[in-house]
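The values are calculated or read from the model by the stated rules, or taken from the named source; none is laboratory data. Values in this document were obtained by computation on a predicted structure and should not be read as measured data. As a convention, Cβ positions derive from the backbone with ideal geometry for all residues, glycine included, and neighbour counts pool all protein chains shown. Ligands, DNA and RNA are stripped out before the accessible areas are found, and what is left, the full protein with its side chains, is counted by its heavy atoms. Shrake-Rupley method; radii C 1.70, N 1.55, O 1.52, S 1.80 Å.
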Amino acid sequence: MKKLIAFVLSLMLVLTAVAALAETTETKGTLVMATNASFPPYEYYDGETIVGIDAEIAAAIAAYLGYDFRIDDMEFDSIIPAVDSGKADFGLAGMTVTEERMLQVDFSDSYATGVQVVIVKEGSPIASVDDLSAEGANYTIGVQLSTTGDLYCTWDLEDYGLATVNRYPNGNEAVQALLTGKVDCVVIDNEPAKAYVAANPGLKILETAYAIEDYAACFKKGNPLRDEFNTALNALIEDGTIPAIIEKYIPSEQKAEEPAAE
Ligand code: GLN
């Protein structure tokens with residue numbers, strides 16, 4: 001019993017020492033990254049941990065700049081409001097730079113390219129992007145709420161009465177709706193599309209792409225952190241850190257197979 005007490009006491013001493021040590025390792029503070037962790041391979045759960053290209057890039061940038069960092073998972077639609085209200089320092093979520101978003105937030109330099117693609121069930125009558133706008137087709141399209149896939153399908157198709165758009169809080173739910181026949185196709189970014197198709201037999205990605213886009217981090221308008229972030233981003237692109245992170249999740253032989261834009 002005495003031995004046990006002695007052991008517990010020494011363990012407590014060690015833990016106190018470790019805690020004290022941790023406190024003395026000073027950082028500039030904690031950066032909070034807002035994301036939607038349902039977007040593989042950019043951000044997704046591996047058990048309880050959010051991993052992926054964006055998670056690793058943010059960790060590398062925070063370390064480079066001397067900040068601690070933490071990820072807050074939320075719906076894609078909540079990322080810009082979180083950044084605007086200061087709840088998050090930046091959003092990193094495979095987010096496409098668009099003119100509309102530039103009115104609300106500032107973007108960093110771009111670090112990756114995205115392609116909007118169409119996922120259908122094997123044997124679907126939808127064979128190309130053009131089929132979506134065919135006279136009288138009136139397909140139901142699944143998208144992630146407020147993503148560019150949502151915006152394009154709304155503006156190009158739904159607003160003209162050519163299709164119905166069903167909006168889901170994340171890509172996984174949109175794909176589940178396709179599997180259960182609630183929608184005829186899903187318009188989503190190519191990398192998560194590949195991951196969803198790999199995980200769900202019976203689905204395929206159409207050869208023709210909907211649009212090609214640039215991904216960047218977003219910041220509250222005027223936040224000087226954006227410039228610091230860009231300095232780190234460019235240094236880590238230059239020294240090969242970021243290319244290696246992207247290569248780890250998207251090996252280059254796989255990139256060669258991407259569908260071409262129309
Ligand atoms: N690239 C798309 C957009 O910015 C989707 C991003 C996402 O769902 N994480 O709208």
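Worth a mention:
- Scanning segment 210-227 for residues that are within 30 Å of Asp131 (Cα to Cα) and either of a type in the set (Asp, Glu) or more than 21 Å from the chain's Cα centre (by Cα) (or both) yields Glu213, Asp214.
- Selection status of Val197, more than 30 Å from Gly66 (Cβ to Cβ) and assigned to a helix (DSSP H, G or I): yes
- Residue in segment 246-258 that is surrounded by fewer than 19 Cβ atoms within 10 Å (Cβ to Cβ) and within 30 Å of Glu135 (Cα to Cα) present: yes
- Pairs linking a residue in segment 71-96 that is on the phi > 0 side of the Ramachandran plot to a residue that is within 11 Å of the ligand (Cβ to nearest atom) and assigned to a loop (DSSP other than H, G, I, E, B), with Cβ atoms under 8 Å and 6 or more positions apart or on different chains, are Gly94/Tyr42.
- Restricting attention to segment 169-192, the residues that are surrounded by fewer than 20 Cβ atoms within 10 Å (Cβ to Cβ), under 17 Å from the mean Cα position of the chain (by Cα) and at pLDDT 95 or above add up to 1.
- When segment 28-43 is filtered for residues that are among the charged types (D, E, K, R) and within 16 Å of the ligand (Cβ to nearest atom), only Glu43 remains.
- Selected residue [over 18 Å from Asn172 (Cα atoms) and buried (at least 20 other Cβ atoms within 10 Å of the Cβ)] from Ala37, Ala58, Ala63, Ala93: Ala58
- Of the helices (runs of 4 or more DSSP H) lying entirely inside segment 202-262, the ones with 2 or more residues being of a type in the set (S, T, N, Q) and at pLDDT 95 or above are found at 225-238.
- 3 or more residues within 16 Å of the ligand (Cβ to nearest atom): qualifying strands (runs of 3 or more DSSP E) within segment 44-156: 68-73, 105-121, 139-144
- Of all residues in segment 47-61 being out of contact with any Asp or Glu (no Cβ under 7 Å at 6 or more places or on another chain) and touching a residue at least 12 places away in the same chain (Cβ under 8 Å), the one that is nearest to Pro192 (Cα to Cα): Ile53
- Only one entry of Ala199, Ala195, Ala235 meets the criterion of being open to solvent by 10 Å² or more (accessible area, probe 1.4 Å), out of contact with any strand residue (DSSP E or B) (no Cβ under 7 Å at 6 or more places or on another chain) and under 18 Å from Ala93 (Cα atoms), and that entry is Ala195.
- Apart from one condition, Val129 fits all of (1) over 21 Å from Ile246 (Cα atoms); (2) surrounded by fewer than 22 Cβ atoms within 10 Å (Cβ to Cβ); the exception is (2).
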